[in-house]
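One structure below.
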Amino acid sequence: MKLNNDIFSGKFGAGLRLLVLLAVMLTAGGVRAQDATYKFDLGAGIGMSGYAGDASPHLFTHPGVQGELAFRYLPNTRWAVRGVFAIAGISGDTKNMAGVLPGGAQYHFNSTVFDLGGRFEFNFFPYGIGQTYKGLRRWTPYLALGVGVTMATCKGSSAFGPNIPMAAGVKFKIKERVNVGVEFSVTKVFNDHIDGPDLSDLTTIKSSFLKNNDWYSRLTLSLTYEFGKRCETCHYVD
């Protein structure tokens, strides 16, 4: 099943433009707003993975299991720079998909995906505990956009490709340093073989770097711990 290439082209171009804009805004904001209590956080998450492409019409038609490790740099209470390493199991089957492969052929696969990337995160509210004069809130929704690289192993072969992850989530402070979060992310990968090397042979269509329709998603429940306390300077005003 093919996704709309016009939609993909629009998201690709808009995503890159938004990524540059986020970088500029983060750099500008980080210079003047050093108001987060801690500079870093580290944590892990686990959840459900999904795949949409030639062998699956929807992201969670064939759900899998995934986990991640994540590290954040916290320049202020509204922005974060996050590094993520994730491992996910994805699968697909054309058995119940009509008119996908020539001659009524069927195809199924199980693939392990390794994802390494970086993201910019924007919090809708200033995120933190205490310092009520700054309007901090112990929960906030957020959006994230980034770039990364995917490696997938399937049927004895490996495939590599750059990717663009897009995510939305909510995080909540249990304590000053401890956070829980729920995030849904969708990743566009620029390689048409994360669903295995044999699918191209069945369709007899050779996919290019840009023209493919492979996406994977992750629904993640995470727990993180903040560290690296900032130096606080008291400015006395008479």
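The values are calculated or read from the model by the stated rules, or taken from the named source; none is laboratory data. It should be emphasised that the depicted structure is a prediction, and the values quoted were computed from it without experimental measurement. Note that we place each Cβ from the backbone using ideal geometry, even for glycine, and neighbour counts take in every protein chain shown. Side chains are part of the model used for accessible areas, which takes the heavy atoms of the whole protein and leaves out ligands, DNA and RNA. Shrake-Rupley method; radii C 1.70, N 1.55, O 1.52, S 1.80 Å.
Across the range 130-181, what is the total count of residues that are hydroxyl-bearing (Ser, Thr, Tyr) and touching a residue at least 24 places away in the same chain (Cβ under 8 Å)? Walk me through how you get there before you give the answer.
Quick first cut of the range 130-181, residues hydroxyl-bearing (Ser, Thr, Tyr) only: 132-133, 140, 142, 150, 153, 157-158.
Going one step further and asking which of them are touching a residue at least 24 places away in the same chain (Cβ under 8 Å), we end up with 140, 142, 150, 153, 157.
Qualifying residue count for the region: 5.
Somewhere in the range 205-225, is a residue in a strand (DSSP E or B) and modelled with pLDDT under 90? Spell out how you get there, then give the answer.
Residues of the range 205-225 that are in a strand (DSSP E or B), as a first pass: 215-225.
After this cut, where a residue has to be modelled with pLDDT under 90 as well, the list is 215.
Yes, because at least one residue in the range 205-225 is in a strand (DSSP E or B) and modelled with pLDDT under 90.
Search the range 50-78 for residues being at pLDDT below 75 and assigned to a strand (DSSP E or B), and hand back the single one that is farthest from the chain's Cα centre (by Cα).
Filtering the range 50-78 for residues at pLDDT below 75 gives 53-58.
Filter once more, keeping what is assigned to a strand (DSSP E or B): 53, 56.
Details: Gly53: 18, Ser56: 20 Å.
The residue in question is Ser56.
Within the range 135-153, can you find the residues that are of a type in the set (A, V, I, L, M) and open to solvent by less than 40 Å² (accessible area, probe 1.4 Å)?
Start the filter on the range 135-153 by keeping residues that are of a type in the set (A, V, I, L, M), which leaves 136, 143-145, 147, 149, 151-152.
Result: Leu136, Ala144, Leu145, Ala152.
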